[in-house]
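Here the structure is laid out as structure tokens; the discussion comes afterwards.
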Amino acid sequence: MHPILLPTTLLPTPEIADALATGRPVVALESTVISHGMPYPRNLETARALEAEVRTAGAVPATIAVMDGHIRVGLDDEALEQLATAGHAARKLSRRDLPVALATKALGATTVAATMIGARLAGISVFATGGIGGVHRGAETSFDISADLDELARTSVCVVCAGAKSILDLPKTLELLETRGVPVLGFGTEEFPAFYSRRSGLSVDHRCDTVQEVAEILRTKWQLGLEGGVLLANPIPAADELDADAMEAAVAQALADADARRIKGKDITPHLLAALEAITGGRSLTANIALIRNNARVAAGVAAALAGT
């Protein structure tokens, strides 16, 4: 017999509970970007900025994390600071890690997959992140494929992102999303963005130019009983884009360093992001912040359109 999720396991803030009960738009935000994605205090500044972007665009932000045996849906400033200062001491949580973290009352930051799970349990349909995980380069021998892709196939949440992280194998990532039946929509683009760059040379399944069109596709998919997520690929703003060739060279250098250090599994992405920041003199971090703020704005628009506000 499967255990029943106790009401106290999922803990939304009163504001979010009220917003969901009254049909106001809510946008989920992940917490690994706070603990593992950026150094302190930029991570705390960014977490606050993302919530402000969502509010300015007319929705309620719901940053998700695991604390004291609860899936917290919405964090106050004290909780944001706790995650920001904990850094890598907070556990990086994907689907497989949630039961252990909850049972042991560990401090945990949610990845794309775990945030989708928390959002779905709470009844939140739209989630903004930076870039999804995917098929890692060399996966044909390492079998290193992010759990984010399977979560997108099974959990009915729209994920707004700037594509997959540029350290990944983008063609294989898109191929696997197709196999799993996940629609990949381009927001104002027919080309899948490459995180720091607006173009990858790879096509999306469909271009959407308005949040209303995105919302209608979401409604249609889920009303058909087609469970699973939708990926809304939103390119980094042109003013914040980094040179694609320069970033590819930086990624190659960072991957070589990780290989030499034998860094693998869930530790690889935080290491590569930190390495890219060092190689680019901080430009990759600045671009990362710009694109995720842009994603938060678009996600708020999609959530509002979905809520009919």
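The values are calculated or read from the model by the stated rules, or taken from the named source; none is laboratory data. Because the structure is a prediction, the values reported are computed rather than measured. Quick reminder, even Gly has a Cβ in these numbers, built from the backbone with ideal geometry, and neighbours come from all protein chains shown. Quick note on the areas: whole protein, heavy atoms, side chains included, nothing else; ligands and nucleic acids left out. Shrake-Rupley method; radii C 1.70, N 1.55, O 1.52, S 1.80 Å.
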Practice task
Report the full-extension gain for the segment ASP209 to GLU190: residue separation times 0.36 nm, less the Cα-Cα distance, to one decimal in nm.
Solution key: 5.8 nm
Fill in the blank from the handout: Each label sits 7 Å from Cα toward the beta-carbon; between ARG137 and GLU15 the label points are separated, in nm, by 4.1 nm
Practice task
At 1.4 Å probe size, with no ligands or nucleic acids counted, give the accessible surface of GLU277 in Å², nearest ten.
Solution key: 60 Å²
Problem - Only Lys, Arg (+1) and Asp, Glu (-1) charged, at Cβ; region 64-217 dipole about Cα centre in debye - result: 380 debye
Fill in the blank from the handout: Taking a ≥ b ≥ c as the square roots of the Cα gyration tensor eigenvalues, with a/c under 1.5 meaning rounded and otherwise prolate when a/b beats b/c or oblate if not, region 95-206 comes out prolate
Practice task
Show the residues, 5+ positions off or on another chain, whose built amide H is closer than 5 Å to the amide H of LEU10.
Solution key: ILE71
Exercise for the section: Decide, for region 164-257, between rounded, prolate and oblate: order the square roots of the alpha carbon gyration tensor eigenvalues as a ≥ b ≥ c, take rounded if a/c falls under 1.5, and otherwise choose prolate if a/b is larger than b/c, else oblate. Expected result: oblate
Practice task
Taking the Cα centre of region 171-214 as origin, sum charge times position over the Cβ atoms of Lys and Arg (+1) and Asp and Glu (-1), and report the length of that vector in debye to the nearest 20.
Solution key: 200 debye
Exercise for the section: Report the charge-dipole magnitude of the chain in Debye, nearest 20, computed about the Cα centre from +1 at each Lys and Arg Cβ and -1 at each Asp and Glu Cβ. Expected result: 520 debye
Handout entry: Relative packing of 293-305, 123-135, 17-29, 243-255, which averages over residues the other C-beta atoms within 10 Å, highest first
Key = 123-135, 293-305, 17-29, 243-255
Completion exercise
quick note, the chain, DSSP beta bridge pairs, % antiparallel (nearest 5) is 30 percent
Practice task
Pull up the cross-link candidates among the lysines for LYS92, meaning alpha carbon to alpha carbon under 26 Å and not fewer than 8 places away within one chain.
Solution key: LYS105, LYS165, LYS172, LYS264, LYS266
Exercise for the section: Compare the Cα positions of HIS88, LEU20, THR63 along the charge dipole of region 1-102 (+1 at Cβ of Lys, Arg; -1 at Cβ of Asp, Glu; about the Cα centre) and return the one farthest towards the positive end. Expected result: HIS88
Exercise for the section: Convert each backbone phi in region 114-119 into a coupling constant with the Karplus relation 6.51 cos²θ - 1.76 cosθ + 1.60 (shift: θ = phi - 60°), then list the ³J(HN,Hα) values in order as whole Hz, x for Gly and Pro. Expected result: 5, 5, 4, 5, x, 4
Problem - Percent accessible area from carbon and sulfur atoms, the chain, protein chains only, probe 1.4 Å - result: 53 percent
Completion exercise
Given (i) 19.5, 59; (ii) 17.9, 54; (iii) 24.4, 101 as possible values of Rg and Dmax of the Cα atoms in Å, the one from the coordinates is (ii)
